[in-house]
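S.K.: I'd like to ask some things about the structure below.
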């Protein structure tokens, strides 16, 4: 693997600059560029331009390298996953730099694929202009529509939406939902109905087929939330506090926010440096569900945890979000679900195994119950959690049955019957 100087105009030089700006470690940059150089030599021998590369070319290159590895060592790699990632990491970074994104969306190869691509693009515009949905919601809706269209095409790839029947939709839902929970099935049917309404409004179906798609009924408070006891929370906090690495300092600060304020994972992920007013000992939170903004007092223990992370754990990055990934590229968390694995691993490290789910929301439920036990009103609890109505707070309190029983009202005239 050569380390000769790079021509500033070559793709390898662009890759080097990109990795440097993203603050990858120097040893990682050298390794990525070296593997990218080998891939470029392969493409040159195959007479394939870099802007023409498809996933199949990468797969053929890896197959060629694997054959050579076996010839040289007389065996396969001890860990195929590790061997593959060591080769593809630099290649994928090179392709992202040169192509803008990787993997690229496959080009439509048939008239039906071109029709579906155009239809989905029109559906996305309709959702934005007529429904005012956010980009993430539009992506979810379009993904479900894409699944339906892919399923509905016949063996020859043809598609006739005008011939779609309710029986077809029943068959699709049966094939789509067997392994899904009821709440997920409801989401799928709602997304499906939205696409069917679009097809009818735009004249692609003569009938409004939404009446034939029935969503399962979800009952209020039917699912019991997970709950962490105060002793378990203390154990997780203490265990994480012992980890003084950059990642440990970050995770400790996140857990302190979860435990003391019951914030949603998405609200923590989108916290920015400017949201913390250190002089006034307070910080602002944008609630992900309601869109409202709250100003909360910055507790001393939480402030200390944040300062430790900012001073000794947070890498140098241009990102304005408070929390970023611990490895290069130092990007902020893309969404709240990115914190799920972080929390689950910290629970396991502390030997805490709550019943049910083990993500950030368990801290939110626990905070609500702890406030109830401290005689806080439902309104106060709802305000801290960022709820707009008391009905939203109810599910967070239903596990505290003993506490709720203590404030239950007696019904006059109802004695105990033998």
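S.K.: Enter the mean projected area of the convex hull around the alpha-carbon atoms of the range 181-333, in nm², rounded to one decimal.
M.R.: That works out to 13.6 nm².
S.K.: Residue 179 to residue 311: extension gain in nm, 0.36 nm per residue of separation minus the Cα-Cα distance?
M.R.: On the way: separation 132, 0.36 × 132 = 47.52 nm, distance 4.62 nm.
Here the segment from residue 179 to residue 311 would lengthen by 42.9 nm.
S.K.: For a quick size check, give me the Cα extents of the range 259-363 along its three principal axes, largest first, whole Å.
M.R.: For the range 259-363, the Cα spread along each principal axis is 40, 32, 26 Å.
S.K.: Any chance you could run the full-extension gain for residue 377 through residue 208? It's 0.36 nm times the residue separation minus the Cα-Cα distance, nm to one decimal.
M.R.: Net length gain for the segment: 56.2 nm.
S.K.: Looking at the P(r) of the range 230-406, how many percent of alpha-carbon pairs lie beyond 22 Å?
M.R.: Counting every Cα pair in the range 230-406, those more than 22 Å apart make up 44 percent.
S.K.: Quick one, what does Rg over Rh come out to for the range 11-99 if you take C-alpha atoms and the Kirkwood Rh?
M.R.: Radius of gyration relative to Kirkwood radius: 0.98.
S.K.: Once you treat every alpha carbon in the range 111-212 as an equal point and sum by Debye, what is log10 I(q)/I(0) at q = 0.15, 0.19 Å⁻¹?
M.R.: Here log10 of I(q) over I(0) equals -0.60, -0.99.
S.K.: Let me ask something additional. To the nearest µm²/s, what D does Stokes-Einstein give for the range 106-153 at 25 °C and 0.890 mPa s, using the Kirkwood radius over alpha carbon pairs as Rh?
M.R.: D, rounded to a whole number, is 220 µm²/s.
S.K.: Out of all Cα-Cα pairs in the range 246-304, roughly what percent, to the nearest whole number, are more than 20 Å apart?
M.R.: Details: 321 of 1711 pairs.
Cα-Cα pairs of the range 246-304 separated by over 20 Å account for 19 percent.
S.K.: Turning to a different aspect of this structure: Across the range 44-171, what fraction of all alpha-carbon pairs, as a whole percent, falls in each successive 10 Å bin from zero upward?
M.R.: 10, 26, 26, 22, 14, 3, 0
S.K.: Next question. Under a crude label model (7 Å from the Cα following the beta-carbon direction), how far is residue 38 from residue 284 in nanometres?
M.R.: Here the modelled spin labels are 5.0 nm apart.
S.K.: Testing the spin-label approximation: label points 7 Å from Cα along Cα→Cβ at residue 114 and residue 186. State their distance in nm.
M.R.: Distance between label points: 4.3 nm.
S.K.: Additional query: Using 7 Å Cα-to-Cβ label points, what is the residue 78/residue 140 separation (nm, one decimal)?
M.R.: About 4.3 nm, to one decimal.
S.K.: Still on this structure, please answer the following. Within the range 260-287, whose backbone N sits under 18 Å from a point 7 Å along Cα→Cβ of residue 334?
M.R.: Correct set: 265-271.
Where a number appears in this text, it was derived from the coordinates with a stated rule and is not lab data. Treat the numbers as computed from the prediction; the structure is a model and nothing was measured. All Cβ positions, glycine included, derive from the backbone under ideal geometry; neighbour counts span all protein chains shown.
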